[in-house]
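*Asks:* Below: one structure in structure tokens.
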Amino acid sequence: MQKILLITGWLWYIGSHAVVQFEQAGYKTVILDSLINSTREVLVNIEKILWYAPDFYEWDIWDEELLKTVFWKYNFEWVIHFAWLKAVGESCEFPSLYHRNNISWSIVLFEQMEKYKIRNVVFSSSATVYDSDNQLPFREDAKLWTTNPYGTTKLVLEYLLKDYSDHKNWKVLLLRYFNPIWAHESWYIWENPQWIPNNLLPYVFKVASGELESINVFWDDYQTKDGSWIRDYVDVVDLAEAHVSAYKKIETSETQLYKAINIGTSCWTSVFELIQWVEEVIWRELPKKIVWRRTWDIGEVYANVDFAFEYLGWKAKRSIHESLKNGWRFINKKAS
Ligand code: UD1
């Protein structure tokens, strides 16, 4: 019988890629999304890739009745819990918005899951839960600490899930994403914020396509290889595939489970390098200016990914250069 899984949120980016990967791997997905960060066009585009539309419910996170109805209607095996707000700067400005949106309703979701004995969950966590003083590359057993309310909500949810795992025998895998970039090879779904992007790559592409004037580099005098900060960029399709591997792992494990797994590449790329690689793809220099850092920014972040390979057999396959080339071809195709 086909296994059914519930996908909560983030339809506009990682969630949509996960839907496609799971459907193509033979699972049935049911999507709940409030559409605050997304549009129905994403659903139309998912349909273009799959040739059918997955079940979708537009749902306000406070609508407990709809959540109950959906749990009653489907015989879910698992939940992939994506739904959250994710703009770090916004979370510093409105901490309670993040606490309410990311934590409070998750508690309601977990209650429903326990009620229906759905005890398998892949949770989208983040590299932001690591203390920046840890030795690089970050390992899963490194010290945890957060510098912003968004990160705090991730960490709190990791702990709440631990309680369910310890006391209710849930099987929980926490995927700690590093910096997801780019889009599906079909060029139908991708990260295309309708607003001015917070994240580096969408911003750089908007400058490259002329929609924004110049790139703000958040300072150039750090103790790093070229003075700019370092991140570990991972292709979003690789990331979506990691979810499928995580679920296969959960399916085959008999007992209670609680593990955190880094999802990155272990490659460390500076802000200047990423911009330069985009410039190489588009064959021209982009306007940029150096501005002071964001208050919540932390310096160097990249992953040790040994455990992902050892435990899930997962490794990122797509190179950052490939993702960038693909990205630019996609933008040109859309523009033409
Ligand atoms: C942060 C969080 C990450 C979260 C993501 C969601 C940390 C360590 N990471 O990612 O967990 O999922 O936000 O949005 O808190 N930069 C510029 N100019 C720009 C934009 C960014 O120079 O216009 C630099 C940043 O200083 C950073 C790098 O580019 O060094 C990447 O920034 P960004 O894409 O915003 O992601 P993070 O801040 O790493």
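*Asks:* One residue is enough: does region 192-201 have a residue meeting the conditions more than 17 Å from the chain's Cα centre (by Cα), within 14 Å of the ligand (Cβ to nearest atom) and modelled with pLDDT under 95?
*Replies:* yes
*Asks:* With the structure loaded, tell me whether VAL301 is modelled with pLDDT of 95 or more, open to solvent by 20 Å² or more (accessible area, probe 1.4 Å), within 15 Å of the ligand (Cβ to nearest atom) and of a type in the set (A, V, I, L, M) or whether it fails that test.
*Replies:* So VAL301 fails the test.
*Asks:* At pLDDT below 90, farther than 22 Å from CYS267 by Cβ and touching a helix residue (DSSP H, G or I) at 6+ places or on another chain (Cβ under 7 Å): does that describe TRP296?
*Replies:* Considered against the rule, which asks whether it is at pLDDT below 90, farther than 22 Å from CYS267 by Cβ and touching a helix residue (DSSP H, G or I) at 6+ places or on another chain (Cβ under 7 Å), TRP296 comes out as yes.
*Asks:* Out of curiosity, is LEU324 in a helix (DSSP H, G or I), surrounded by 14 or more Cβ atoms within 10 Å (Cβ to Cβ) and within 11 Å of the ligand (Cβ to nearest atom)?
*Replies:* For LEU324, the condition - in a helix (DSSP H, G or I), surrounded by 14 or more Cβ atoms within 10 Å (Cβ to Cβ) and within 11 Å of the ligand (Cβ to nearest atom) - is not met.
*Asks:* Another question, if that's okay. Please work out which residue is surrounded by the fewest Cβ atoms within 10 Å (Cβ to Cβ), limiting yourself to region 37-57 and to residues that are touching a residue at least 12 places away in the same chain (Cβ under 8 Å) and part of a loop (DSSP other than H, G, I, E, B).
*Replies:* If we take residues in region 37-57 being touching a residue at least 12 places away in the same chain (Cβ under 8 Å) and part of a loop (DSSP other than H, G, I, E, B), then THR39 is surrounded by the fewest Cβ atoms within 10 Å (Cβ to Cβ).
*Asks:* Tell me, which residue of region 221-236 that is crowded, with 17+ Cβ neighbours inside 10 Å and not aromatic (Phe, Trp, Tyr) is nearest to the ligand (Cβ to nearest atom)?
*Replies:* The selected residue is ARG231.
*Asks:* Checking VAL244 against (1) more than 14 Å from the ligand (Cβ to nearest atom); (2) under 27 Å from SER96 (Cβ atoms), which test does it fail?
*Replies:* Every listed condition holds for VAL244 apart from (2).
*Asks:* Okay, next question. Going through region 208-220 one residue at a time, which ones are more than 6 Å from the ligand (Cβ to nearest atom) and open to solvent by less than 10 Å² (accessible area, probe 1.4 Å)?
*Replies:* Passing the criteria: ALA208, ILE215.
*Asks:* Output the number of residues of region 255-272 satisfying the condition of being open to solvent by less than 40 Å² (accessible area, probe 1.4 Å), away from the ligand (no atom under 11 Å from the Cβ) and either out of contact with any Asp or Glu (no Cβ under 6 Å at 6 or more places or on another chain) or of a type outside the set (Gly, Ala, Ser) (or both).
*Replies:* Qualifying residue count for the region: 5.
*Asks:* If ALA240 satisfies every condition in (1) at pLDDT 95 or above; (2) open to solvent by less than 40 Å² (accessible area, probe 1.4 Å) but one, which is the exception?
*Replies:* (1)
*Asks:* TYR311: at pLDDT 95 or above and away from the ligand (no atom under 11 Å from the Cβ), yes or no?
*Replies:* yes
*Asks:* Considering every residue within region 3-24, establish whether at least one is in a helix (DSSP H, G or I), open to solvent by 60 Å² or more (accessible area, probe 1.4 Å) and of a type in the set (Lys, Arg).
*Replies:* no
*Asks:* In the list ILE250, ILE282, which residue meets the criterion of being surrounded by 14 or more Cβ atoms within 10 Å (Cβ to Cβ) and touching a strand residue (DSSP E or B) at 6+ places or on another chain (Cβ under 9 Å)?
*Replies:* ILE250
The values are calculated or read from the model by the stated rules, or taken from the named source; none is laboratory data. Small disclaimer: the values here were computed from a predicted structure and weren't measured. No Cβ is skipped: glycine too gets one built from the backbone with ideal geometry, and neighbour counts run over all protein chains shown. Areas reflect the complete protein model, heavy atoms only, side chains present, ligands, DNA and RNA absent. Shrake-Rupley method; radii C 1.70, N 1.55, O 1.52, S 1.80 Å.
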